[in-house]
Amino acid sequence: MLARDWYYNERNRMGIEPAVASIYDAHDDADLRARAALKMLGVQRGWRIADIGCGNGVLATEAALMGAEVDAIDISPAMLALAEIYARDRKAPVRTQSAGLLSFAYRPESYDLIVSEFTLHHLPDFWKVVAMSRIFRALKPGASFYLRDIVYASMPDAVERDVEQWAEFQIKNHDFSREGVVTHMRDEYSTFGWVMERMLTDVGFTLVSVDYHAPMHGTYLLRKPKAGEQG
């Protein structure tokens, strides 16, 4: 994509709260968790998959070991280097790309599955929709988008009373400091779950399932309709 002076610079946010970006793969059983997610998504040998915001490359590597053709994409050179090391150590043929949701290179209708975990919240809502539209165009008709992110599973009038409960939950379950949670609330761009759902469906996705399994986490399985299907 050509550089434009009005286009959002993803690299300005690079490095902010890196612990949040690695919630999924910071555990000893990360490979098992990734494999279970990929099996749930029905990954097949020969699929073309993109992991955008791949972190240290656990899910991308597991997908490659299952026989998929995988692009591991991250805006952070440090995380991408870790992903390359992780894949190489496991002899997994993973391609890496230094880019983000707004800048990853793709051919239209070329991916069987796109995954993005704890990355979208780095973008303001306008740019979230731009990113979603790019993902939609990159997917084959009938293909899936698997999204996990930090979202607020409440209504705006509940925020004042919920913030401390969210912080307590994250401290207890993810070893985050209260300061880290407060910093995220103040400086990141997480949005409400109902806003996220509207953005995704307005872009054209069919919402297959949604799970707000924790106060600040949302998991979405989306499908790009085939020609003639209702979105």
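The values are calculated or read from the model by the stated rules, or taken from the named source; none is laboratory data. Only a predicted model underlies this, so the values are computations on that prediction, with no experimental measurement involved. So basically every Cβ, Gly included, is an ideal-geometry build from the backbone, and we count neighbours across all protein chains shown. Surface areas here come from the heavy atoms of the whole protein model, side chains and all, with no ligands, DNA or RNA. Shrake-Rupley method; radii C 1.70, N 1.55, O 1.52, S 1.80 Å.
Ligands, DNA and RNA are left out, and with a 1.4 angstrom probe the accessible area of the chain is 49 Å² per residue. Over the range 88-231, the pair-distance histogram of Cα-Cα distances with 5 Å bins from zero comes to 2, 9, 17, 21, 17, 14, 11, 7, 3, 1, 0 percent, rounded to whole numbers. Helical runs assigned H by DSSP (4 residues or longer) give the chain a calculated mean residue ellipticity at 222 nm of -11500 deg cm²/dmol, each run adding -39500 (n - 2.57) before division by the residue total. Put a plus charge on the Cβ of each Lys and Arg, a minus charge on the Cβ of each Asp and Glu, and nothing anywhere else: the dipole of the chain about its Cα centre is then about 1000 debye.
Looking only at the range 164-201, which residues have a backbone nitrogen under 14 Å from a spot 7 Å from the Cα of L207 in the C-beta direction? Zone members listed by number: 192-201. Listed by chain and number, the lysines placed with their C-alpha closer than 17 angstrom to that of K140 are K224, K226; residues fewer than eight positions away on the same chain are left out. Surface calculation, 1.4 Å probe, protein heavy atoms: S190 sits at approximately 20 Å² accessible. In this structure the amide hydrogen of E69, modeled in the peptide plane, comes within under 5 Å of the amide hydrogens of G46, W47, R48, I49, none closer than 5 places in sequence on its chain.
For G193, the shell of other residues with beta-carbons less than 14 Å away shows a net charge of -2, using +1 for Lys and Arg and -1 for Asp and Glu. Per atom type, the chain shows carbon and sulfur on 53% of its accessible surface, probed at 1.4 Å. Note on the chain: with a GNM built from Cα contacts shorter than 10 Å, the maximum mean-square fluctuation among G142, G57, G100 falls on G142. Summarising the strand pairing of the chain, around 40 percent of its internal DSSP beta bridges are antiparallel.
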